[in-house]
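In what follows, a structure is listed as structure tokens, so that the remarks can point back to it.
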Amino acid sequence: MERQIYLDNNATTPLDPAVVKALQPYLYDRYGNASSVHHKGVEAEQAIDAQRRLIAHNLNVSPGEIYFTSGGTESNNLVLQGSVRRGMKKKQHIVTTAIEHSSVREVIDKLESRKIDVTRILPDEKGRISVGQITGALREETVLVSVMHVNNETGAILPVEDIGKAVHNYNSDITFHVDGVQAFGKYPVDLTYIDAYTFSGHKIHAPKGIGGLYIDEKCYVEPLLYGGGQESGVRSGTENVPGIVGLGKATELMFAEREKMLERLSSLRNLLVERLDGIADVHLNTSLEHSLPSTLNVSFPPVPGEVIVNGMSEKGVCISSGSACNARRKAKSHVLAAMGLEEKYIESSIRFSFSRQTGKTDINETFETLKELLPRLKKIARLQS
Amino acid sequence: MQESEKILMIGYDEIGLKGNNRRDFINRLISHISHAAHIPQKDLEHRQGRIYGNFSQERKPEIFNRLTKIFGIKWFSEAELLPHSYEQLQEAALKAAKVKKKQGAETFKIETRRSNKDFELNSRQINVQLGDEVRINAEMQVDVHTPDVTFFVEVRRDHIYLYTDPHDGPGGLPVGSNGSVLLLISGGIDSPVAAWHLMKRGLAVDCVYFHSPPYTGEKALEKVRNLVRVLSQWNIESMQLFVPYFTGIQEQMVEEMPESIWTVAQRRYMHRIADRLLERESYHGLATGDSVGQVASQTLENLQQIDQSTDTLVLRPLTGFDKDEIISIAKEIGSFEISIQPYEDCCVLFAPGNPSTRVKGDRLAYEERKLDDDALIEEALTRMQVENYSGYKDQYEMS
């Protein structure tokens with residue numbers, strides 16, 4: 001396969017060469033354990049602290065509120081499991097949405113099986129969730145609200161800052177968590193009314209296996225992992241120093257280029273939408289006004305999304321049907337289903353997701369490949385009753 | 001006392017083995033043990049209905065693991081090799097008993113077989129004397145029905161062998177001793193189990209998987225590769241995987257044929273393609289994971305139509321198995337977890353909603369004439385990928 005076009009950046013992103021360059025010394029010479037007292041240890045500790053300050057600076061919070069983890073899944077688990085008290089006599093209640101990532105959804109399902117009440121807010125047909133829907137669900141016994149910032153399947157942006165403000169107005173004891181994995185570094189966030197914010201490295205051109213979590217200093221989160229007491233005791237385990245350095249560098253690059261990138265991706269997405277418009281039966285599942293321009297979810301009924309993905313893959317173009325994690329479980333997209341989409345649109349949906357590295361040629365070539373592929377697939381799909 | 005010599009002792013099932021057949025069986029088994037367990041042939045020897053092997057203790061876990069996957073082996077054990085001296089036997093047995101006692105064994109029995117009639121004691125005398133010794137000095141109780149440990153004593157012409165805890169081998173016949181077949185593998189639960197049963201009866205197995213990109217994805221093919229990797233461990237030498245290009249046939253089929261006969265028609269084309277490979281590679285027959293009545297293609301009427309697409313022998317070792325029996329074997333051989341991964345081997349587009357359970361032969365003949373079969377089968381073979389998986393070697397390599 002000669003050509004490689006990668007438009008599956010919501011699943012993961014390629015490493016940025018500058019990130020590789022920054023972390024490489026920590027794979028070789030600077031191998032110290034940050035807990036060691038000798039100079040090798042200090043060297044590692046200094047590197048970690050510098051990244052913590054850098055990320056805190058970009059999020060406008062204090063360094064002591066940033067914790068490093070193995071990634072988005074761990075961060076979400078840590079804050080969700082750690083902020084609901086066990087063995088409480090009093091009824092506890094959680095508010096979340098029906099469009100969360102599995103690493104939030106599955107944890108909350110688990111908590112629900114332990115007799116904790118859960119309210120899941122459905123989005124409208126454009127994938128939006130309003131502040132009023134969340135506040136309307138709050139109760140006296142609500143202890144936790146968890147809402148994602150940007151949806152991984154549709155790119156829909158949720159008004160987390162306003163939700164946070166409203167939740168805290170209602171009861172400042174409620175922990176308000178935001179899964180920011182798809183937004184971090186791509187879309188601005190004001191953490192004033194947010195108690196916990198999840199982010200991940202590999203969605204922003206840093207390595208897999210590194211992520212982080214902002215936790216407001218006023219919040220207490222029970223650890224998942226106990227041991228050497230690293231990360232102020234919140235997350236024990238020898239720090240992934242090269243990962244942390246990579247995450248720091250990636251954060252720096254993303255925040256520096258964010259506005260320019262959004263503008264550019266917006267015009268790239270518009271270009272793709274414009275060209276797709278010429279194809280019969282195309283259906284947009286992403287609302288262009290209410291989403292991050294790095295994602296475009298569309299359907300081509302009656303062709304199964306997975307078949308389009310396979311066909312594009314043969315031609316060297318990587319896209320996705322639903323979210324990558326869902327594809328493995330062969331589940332129909334819970335996000336599109338929650339939006340009330342017709343079955344035929346859900347089954348035939350595909351997702352293009354762009355990154356800083358995506359260019360105009362990628363978009364044009366992807367479109368041409370798709371245009372060439374679709375008629376044949378449509379013919380076969382139509383013949384099946 | 002010096003450390004006694006340990007030897008590997010392998011038993012096989014002799015029933016039904018005569019003359020040349022027997023010699024071929026034993027030679028094949030020795031060569032399989034040598035190949036799969038990496039024991040040089042010179043360290044393996046056949047004597048009096050057993051295969052003996054020299055091996056180093058540090059390789060024991062690896063060798064034992066591999067012996068459980070060599071068809072033809074009935075049981076195996078590590079035995080102590082002793083001279084023809086009752087005193088030394090007693091000393092060794094007592095030492096072994098004390099170890100077992102420490103490990104928690106409370107009851108025991110002695111089971112002696114004597115083929116060397118010159119030895120001072122007969123089997124019964126050994127059982128009694130040695131039993132007393134162990135009972136008194138290792139403080140264990142005799143239990144001849146369900147002992148915690150059995151001490152096996154074999155007094156043979158060359159030595160006395162003492163062993164405990166023989167391990168079960170997989171039984172069956174050495175792979176290849178009955179010829180070779182080409183199995184139609186699908187990625188589901190059944191066909192790997194069929195492969196295992198065929199190998200157990202001494203057939204060398206290669207696989208053919210019908211790939212139809214883009215309707216079936218690379219992940220479905222990867223799943224089949226992983227199944228073949230697991231199966232190839234039992235196939236001793238290596239296992240080939242043929243991946244013909246099936247898309248052309250399916251696409252034309254959907255356009256030209258009524259939906260109700262797709263299932264049977266696809267299977268007929270698969271068999272015809274497999275038959276071409278059979279001729280080319282000289283297999284003795286085809287095989288499938290069908291069991292009767294599970295799905296539409298497995299009614300007797302449809303199986304008959306499928307079989308009439310070629311003149312070749314088609315083996316279906318799972319006929320008569322229940323699904324739960326198949327699943328339990330799949331779990332045992334390690335294919336189950338791979339098979340249940342959700343990548344479909346057939347795209348929903350080619351699976352009719354309401355397949356006919358009784359497709360008529362003249363109907364098939366009529367419908368099939370609409371397809372450009374020769375060209376399509378030729379295309380399936382020209383665009384075929386051929387891959388080779390060799391036992392343990394490929395298990396950890398990345399492609």
Result of the Cβ filter at 6 Å on region A:373-385, keeping first residues that are facing chain B (nearest Cβ under 8 Å) and modelled with pLDDT of 80 or more and partners that are in a loop (DSSP other than H, G, I, E, B) and open to solvent by less than 80 Å² (accessible area, probe 1.4 Å), at least 6 apart or interchain, is A:377/A:303; A:381/A:302; A:381/A:303
Scanning region A:110-128 residue by residue, the ones that are open to solvent by less than 30 Å² (accessible area, probe 1.4 Å) and assigned to a strand (DSSP E or B) total 2
Inside region B:202-238, the number of residues satisfying the requirement of being touching a residue at least 24 places away in the same chain (Cβ under 8 Å), within 14 Å of chain A (Cβ to nearest Cβ) and of a type in the set (A, V, I, L, M) is 1
Per the filter on region A:320-335, residues modelled with pLDDT of 90 or more and either surrounded by 24 or more Cβ atoms within 10 Å (Cβ to Cβ) or within 12 Å of chain B (Cβ to nearest Cβ) (or both) are A:320, A:321, A:333, A:335
From the option list A:247, A:224, A:271, A:265, single residue qualifying as buried (at least 20 other Cβ atoms within 10 Å of the Cβ) and either outside any helix (DSSP H, G or I) or out of contact with any Pro (no Cβ under 6 Å at 6 or more places or on another chain) (or both) is A:247
Practice prompt. Kindly check whether there is at least one residue in region B:99-112 that is in the same structural domain as residue B:143 (by TED's automatic domain parsing) and over 17 Å from residue B:148 (Cβ atoms).
Written response: yes
- Query: What do you reckon, is residue A:82 within 30 Å of residue A:151 (Cβ to Cβ) and surrounded by fewer than 22 Cβ atoms within 10 Å (Cβ to Cβ)?
  - Reply: yes
For region B:183-196 the number of residues that are surrounded by fewer than 24 Cβ atoms within 10 Å (Cβ to Cβ) and either outside the structural domain of residue B:319 (by TED's automatic domain parsing) or assigned to a strand (DSSP E or B) (or both) is 1
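Table: residues versus (1) assigned to a strand (DSSP E or B); (2) crowded, with 16+ Cβ neighbours inside 10 Å; (3) under 20 Å from the mean Cα position of the chain (by Cα); (4) in the same structural domain as residue B:156 (by TED's automatic domain parsing).
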| residue | (1), (2), (3), (4) |
| --- | --- |
| B:11 | yes, no, yes, yes |
| B:27 | no, no, yes, yes |
| B:65 | no, no, yes, yes |
| B:88 | no, yes, no, yes |
| B:118 | no, no, no, yes |
Scanning region B:319-345 residue by residue, the ones that are part of a loop (DSSP other than H, G, I, E, B) and under 21 Å from residue B:229 (Cα atoms) total 8
When residue A:321 is run through (1) in contact with a helix residue (DSSP H, G or I) (Cβ under 6 Å, 6 or more places away or on another chain); (2) without any contact (Cβ under 8 Å) to a residue 24 or more places away in the chain, the failure sits at (2)
In region B:258-310, residues that are part of a helix (DSSP H, G or I), in contact with a strand residue (DSSP E or B) (Cβ under 8 Å, 6 or more places away or on another chain) and either under 18 Å from residue B:384 (Cα atoms) or among the aromatic types (Phe, Trp, Tyr) (or both) total 8
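Out of A:346, A:350, report the one residue that is open to solvent by 10 Å² or more (accessible area, probe 1.4 Å), within 26 Å of residue A:123 (Cα to Cα) and modelled with pLDDT of 90 or more.
Values: A:350 fails: open to solvent by 10 Å² or more (accessible area, probe 1.4 Å).
That would be A:346, the only listed residue that is open to solvent by 10 Å² or more (accessible area, probe 1.4 Å), within 26 Å of residue A:123 (Cα to Cα) and modelled with pLDDT of 90 or more.
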Of the residues in region A:279-302 that are of a type in the set (S, T, N, Q) and not in a strand (DSSP E or B), the one that is surrounded by the fewest Cβ atoms within 10 Å (Cβ to Cβ) is A:287
- Query: Within region B:33-52, can one find any residue that is open to solvent by less than 30 Å² (accessible area, probe 1.4 Å), among the aromatic types (Phe, Trp, Tyr), in the same structural domain as residue B:117 (by TED's automatic domain parsing) and under 14 Å from residue B:169 (Cβ atoms)?
  - Reply: no
Might you check whether a residue that is modelled with pLDDT of 95 or more and either in a helix (DSSP H, G or I) or polar (S, T, N, Q) (or both) occurs anywhere in region B:199-218?
yes
* Quick check: anything in region B:308-328 over 16 Å from residue B:222 (Cα atoms), away from chain A (no Cβ under 14 Å), in contact with a Ser or Thr (Cβ under 6 Å, 6 or more places away or on another chain) and of a type in the set (A, V, I, L, M)? -> yes
For region B:102-116, state whether one or more residues are at negative phi and without any contact (Cβ under 8 Å) to a residue 40 or more places away in the chain. yes
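The values are calculated or read from the model by the stated rules, or taken from the named source; none is laboratory data. What you see is a predicted model; the values in this text were computed from it and never measured. With ideal geometry, Cβ positions are generated from the backbone for all residues, glycine too; neighbour counts draw on all protein chains shown. Ligands, DNA and RNA are stripped out before the accessible areas are found, and what is left, the full protein with its side chains, is counted by its heavy atoms. Shrake-Rupley method; radii C 1.70, N 1.55, O 1.52, S 1.80 Å.
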